[in-house]
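Since the structure comes first, as structure tokens, the remarks are kept for the end.
The values are calculated or read from the model by the stated rules, or taken from the named source; none is laboratory data. Please read all numbers here as calculations on a predicted model, not as lab measurements. Quick reminder, even Gly has a Cβ in these numbers, built from the backbone with ideal geometry, and neighbours come from all protein chains shown. Accessible surface areas use protein heavy atoms only, side chains included; no ligands, DNA or RNA. Shrake-Rupley method; radii C 1.70, N 1.55, O 1.52, S 1.80 Å.
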Amino acid sequence: MADKKHLYLVDGSAYIFRAYHRLPPLTNPEGTPVGAVYGYTTMLWKLADDLDAADGPTHLAVILDKSSHSFRNEIYDQYKANRPDPPEDLVPQFPLIRDATRAFSLPCIEEPDVEADDVIASYARAAQAQGWDVTIVSSDKDLMQLVGEEAGPNGPAKIDMLDTMKSARIGPEEVEEKFGVTPDKVGDVLALMGDTADNIPGIYGVGPKTASKLIAEHGNLTAALDSAEDMKKSKLKERLLEHRADAELSRILVTLKEDCELPVPLEDMALKSIPPGPLTEFLQAHGFTSLLRRLDAGSGSPERSNDLNPAKAQKAGDEGTPEGNRQPLPDMPAVDRSAYECVQTRDALDAWIAKCMNARVVAVDTETSALDAMQADLVGISLAVGPNDACYIPLDHHNEGGGGSDMFAERPEQIAREDALEALKPMLASDAVLKIGQNIKYDLNVLARYGVDVSPIDDTMIISFALDAGRGEAGIGGGHGMDELSQRHLGHTPLSFKEICGTGKKQIPFGEVPLDRATEYAAEDADVTWRLHKHLKPRLPVEGGTKVYERVDRPLIPVVAMMERNGIKVDRARLAKLSEEFATEMGKLETLIHEEAGEEFTIGSPKQLGTILFEKLGYKGGRKGKSGQFSTDQAILEKLAGDGAEIATRVLEWRQLSKLKSTYTDALQAAINPDTGRVHTSYSLVGAQTGRLSSTDPNLQNIPIRTAIGRQIREAFVADDGNVLLAADYSQIELRLAAHMADVPSLKEAFEQGEDIHARTAKEMYGEVTRDTRAAAKTINFAILYGISRWGLAGRLGVDSDEAQEVINTYFDRFPGIQNYISETLIQVKERGYSETLFGRKTWFPRINSKNQTERQGSERAAINAPIQGTSADIIKRAMARMMPALEEAGLGPRNGKGVRMLLQVHDELVFELPEGDVEAASTVIEKVMAEAAEPAVKLSIPLGVDIGHGKSWGEAH
DNA sequence: ACGATCACG
DNA sequence: GACGTACGTGATCGTA
């Protein structure tokens, strides 16, 4: 394997376009724009430098487009006809790519009459045929057809792709994830969906989803097209029949020519050490001083570049926040799991603790027996202070079947848990040592249960969220989990939990994993976390993420952790009684429904229900959705009920009860923690792209309140004896923020006067306030927050779309600031790619300029809403971070586990548990902290109203 | 694993 | 001129 050849083929032309859009507009000393060339140069550098890496190149060549004309234009004169001219300041950079490539002494290939893609395909196949591995450095979807493995003369030879912008490998799985079919069928999918960028027609009206579904079902393009004959009458059928020729033409256009001339023999592409002369000259000529410095430091062999030199970016007139600037891979050795240490003695542990104190920055990760931080036992702790400088400290490992207190359990040598924690405590609590975690809230909770405090902290997951919320693009994940971050930023795949512990029935608890394997896995997690921190943290100041991370999100981590540990008491008996009542009532309804249907069926099956209602009983209400299934959702059933269908009413009642029982009354009883007797939710700080929290296991942010029957469930959330629950919620916070952000004088005045805002809107719009006009005004107010469309509003108001348009016009007339806000927000998001809250939280919208209208409009609506929803989230988060210190200052803090405790957050509401006698004093503090939460960072032009109530239960507190 | 449905702000 | 019809979530169920 050591002498296996690995050819890297760089799609130079495509790269420079992307680099241009993602890097700051740098210029060289002569004033020539070179930002894209800089990006290209660092990328080449990095690739060439990976020569010795496990998956690095042994051979490398750059392929460029010779001209904009190719044989495809002969087949189809409209091919790429809609391509706009490249931006003015990019044009002079094209020839520089050639210069850069030559400076590295790398082969640079351009062929007439074919495209770079074809040359790449030809070289890739030629290399594969000789048994070489091939990596195509590009993210062009046409090239994804080539990905895969074929038998070669000495074992399988694989072709994959590397997207250096995203630091992501694209293998068969990624291709399949993107297209829903294997790489060899990608051409068929492309032929159906077409490509607006290349002006490839495809089938009009068929997008990626439909295309991949059709190909997956029928196997290939011809079969998919033939299948149209037998399809039921539909738009799709018509289109497939009508545009068949387009698809067939497209198939030819997307097919790569794999037998181009190969002007440079494969062997001549071997990577050699790079003569420094030409490279130095090139770097000097373009003022790439940071790279020059690295060249010098690296004694002739290029070292990896760490990032864009911020000083340089500034010199070029950049603001220091290059949008979309993905930094190249950090300067670190490859992960080497054999370097990790398993710490089994007190001496070894003490040495590590000293090492951490010395390092000042340490990544910490806990391994536990289960996922639930409130129940899991601590099994081990891993630490990392540098790349590959990591250890695992097993604390409760034992052989299979030897768990618990079994005296026959065989335990490998390890330090007693209590002793190890006692030794670690000072370091974990030391102000002089920053503890980094990936989702460190989990570790905080586990360790807190053992009496261990961890502070100060940093969290790579939260940093990633502050930088890249929403940034995921189709086919490439945008999440903030460790494996994904590692893949994206480090190009490294950590051992997966499954590989170590197995899956399903064969899964074993982490405590039973042999120590050598456990060390590899656990220490690697700490190592990767340390590396991610090294990589991500410096991006915060450069990309404007510091404020929201330092001022809003980081301080919240221990606060939310504490809320989770606090938990909330639920009245089990009351829930059980409700479950029983619901079951009885459901039984009665079931009988009635079956009687009316004339047969027994599963009411909970929308499919069966649809058949009964619309086929057997003959009610009207057509098919819907891709599945070709009848829709039986609430709106449709209510319509049927309105037309006198008794069965629809009964089904609606049954559904309500079924939902309440399974999701709430049954599930909440099961969620009671046996040790604490309370329910502990888990909040995700990165769950919602807008910056809101989300709540899981169980979700306590969607407990019923809107109907009387559902509200009974809230009555089951109760305070401990002698205590009450207090609920404090912001009143109309999003509308208030909209009034402020869009600067609407009449709405602001209404809020200042404490008026009923929907009534005020009704008065402005309709001249009078009645029940109907107020209801309509309320609908319109929400429509505004969510990004309005005339059709959407029409549906909600029960009028036609022309009338809805009238209503919208009137609204914009009366409140002109709103229209401005919407258009200015959209212009900005389209330009920069992200929206921003008043506190600087960014949410990215990678699809805001999509050619697909549905996708684009969806992004537009989300982008209108995100600054408002996100600012509201920022405000309540700030209130949460300040709440306990303020209460403590007022002498109301937790006292022997009592006093005022913050339990829940529901987007605009905070729930507390407190001694009955503290209600009045606590209300004053809580109201003040919440009302002033925006200050001093942001001065709002409207007051923030806070409503407070209390009672024995959450229901009563409202 | 995924869509349909429905609970919340 | 068609597209598909309000923003943000999570849990459960039936079905593939």
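How big is the dipole moment of the range A:155-236 about its Cα centre under a simple scheme where the beta carbon of each Lys and Arg is +1, that of each Asp and Glu is -1, and everything else is neutral? Debye, nearest 20, please.
280 debye
Per-residue HN-Hα couplings for the range A:122-129, Karplus 6.51 cos²θ - 1.76 cosθ + 1.60 at θ = phi - 60°, whole Hz, x for Gly and Pro?
Calculated HN-Hα couplings, in order: 5, 5, 4, 5, 4, 5, 4, 4 Hz.
With a probe of 1.4 Å, find how much accessible area chain A has per residue, and write the answer as a whole number in Å².
44 Å²
For A:LYS498, what accessible area in Å² do you get when you roll a 1.4 Å probe over the heavy atoms of the protein chains, rounding to the nearest 10?
Roll a 1.4 Å probe over it and A:LYS498 shows about 140 Å².
Could you tell me whether the range A:570-679 comes out rounded, prolate or oblate from its Cα gyration tensor? Rule is a ≥ b ≥ c as square roots of the eigenvalues, rounded for a/c under 1.5, then prolate if a/b exceeds b/c, otherwise oblate.
prolate
Could you pull out every residue, at least 5 positions away or on a different chain, whose amide H is within less than 5 Å of the one on A:ASN673? Hs are placed 1.01 Å off N in the peptide plane, and Pro or chain starts have none.
Residues meeting the criterion, in which the H sits 1.01 Å from N, are A:ARG678, A:VAL679, A:HIS680.
Relative contact order (percent) for the range A:738-895, with alpha-carbon contacts under 8 angstrom and 6 or more residues of separation?
Computed over the range A:738-895, the figure is 17 percent.
Mind running the shape call on the range A:733-843? Use the C-alpha gyration tensor, a ≥ b ≥ c as the square roots of the eigenvalues: rounded below 1.5 for a/c, prolate if a/b tops b/c, oblate otherwise.
Verdict is oblate for the range A:733-843.
Which order do peptides A:848-861, A:427-440 fall in by mean Cβ count within 10 Å, highest first?
Top of the packing list down: A:427-440, A:848-861.
Quickly work out the A:ALA270-to-A:GLU752 label distance, labels modelled 7 Å from Cα along the C-beta direction, and quote it in nm with one decimal.
Computed distance between label sites A:GLU752 and A:ALA270 equals 8.0 nm.
For the range A:337-567, build the charge dipole from Cβ charges (+1 Lys, Arg; -1 Asp, Glu) around the Cα centre, then report which of A:PRO426, A:PRO558, A:GLY545 sits farthest towards its positive end.
The one lying farthest along the dipole's positive direction is A:GLY545.
Return the calculated 222 nm mean residue ellipticity for chain A, to the nearest 500 deg cm²/dmol, obtained by summing -39500 (n - 2.57) across DSSP H runs with n ≥ 4 and dividing by the residue count.
After summing the helix terms and dividing by residue count, I get -13500 deg cm²/dmol.
Express the carbon and sulfur contribution to the solvent-accessible surface of the range A:733-843 as a percent, rounded to the nearest whole number, probe 1.4 angstrom.
Carbon plus sulfur share of accessible area: 45 percent.
Extending each Cα 7 Å along its Cβ direction at A:ALA197 and A:LEU797, get the distance between those two points in nm, one decimal.
Spacing of the two 7 Å Cα→Cβ label points: 4.1 nm.
Lysine pairs in the range A:337-567 with alpha-carbon atoms under 22 Å apart, 8 or more places apart or on different chains: how many are there?
Lysine pairs satisfying the spacing and distance rule in the range A:337-567 number 15.
Lysines near A:LYS577 by alpha-carbon distance under 22 Å, same-chain residues fewer than 8 away left out - which ones?
Excluding near neighbours in sequence, the set is A:LYS569, A:LYS588, A:LYS659, A:LYS661, A:LYS952.
Once phi is turned into ³J(HN,Hα) by the Karplus curve 6.51 cos²θ - 1.76 cosθ + 1.60 with θ = phi - 60°, what whole-Hz value does each residue of the range A:679-694 show in order, with x for glycine and proline?
Those phi angles translate into 9, 10, 7, 10, 9, 9, 8, 10, x, 10, 4, 7, x, 5, 7, 10 Hz.
³J(HN,Hα) across the range A:258-267 via Karplus (A = 6.51, B = -1.76, C = 1.60, θ = phi - 60°), whole Hz, x for Gly/Pro?
9, 10, 5, 4, 10, x, 10, x, 3, 4
Using the Cα atoms of chain A, I'd like the radius of gyration and the largest Cα-Cα distance, Dmax, both in angstrom.
31.2, 90
Scan around A:THR27 for amide H atoms under 5 Å from its own, H built in the peptide plane at 1.01 Å from N, and keep only partners 5 or more places away or cross-chain.
Here the answer is A:VAL34, since their amide H atoms fall under 5 Å of that of A:THR27.
Put +1 on the Cβ of every Lys and Arg and -1 on every Asp and Glu Cβ in the range A:498-552; which of A:PHE510, A:LEU536, A:ALA522 then has its Cα farthest towards the positive end of the dipole?
The residue sitting most towards the positive pole is A:LEU536.
Treat each spin label as a single point 7 Å out from the Cα along the C-beta direction, and report the A:SER369 to A:ALA129 distance in nm.
It is 6.1 nm.
Run through the DSSP bridge list for chain A and note the antiparallel percent, rounded to the nearest 5.
The antiparallel proportion sits near 70 percent.
Based on Cβ point charges of +1 for Lys and Arg and -1 for Asp and Glu, what charge dipole magnitude is obtained for chain A about its Cα centre, in debye rounded to the nearest 20?
The dipole of chain A has a size of about 1660 debye.
State the percentage of accessible surface on the range A:337-567 attributable to carbon and sulfur atoms; use a 1.4 Å probe and exclude ligands, DNA and RNA.
51 percent
Toward the positive end of the charge dipole of chain A, about the Cα centre and with charges on Cβ (Lys, Arg +1; Asp, Glu -1), which of A:ALA777, A:LEU378, A:SER872 goes farthest?
A:ALA777
What's the center-to-center distance, using Cα atoms, between the range A:632-652 and the range A:178-252 in Å?
Distance between centres, Cα-based: 38 Å.
Please give the charge dipole size of the range A:733-843, origin at the Cα centre, charges +1 on K and R Cβ atoms and -1 on D and E Cβ atoms. Round to the nearest 20 debye.
420 debye
Give me the percent relative contact order of chain A, please, defined on Cα pairs under 8 angstrom at least 6 residues apart.
The value is 9 percent.
Would you grab the residues whose amide H sits under 5 Å from the one on A:ASN199? Only those 5+ places off in sequence or on another chain, please, with H modelled 1.01 Å from N.
Residues meeting the amide H criterion: A:LYS80.
Classify the range A:855-932 from the C-alpha gyration tensor, please: rounded if a/c falls under 1.5, else prolate or oblate depending on whether a/b exceeds b/c.
The shape class here is prolate.
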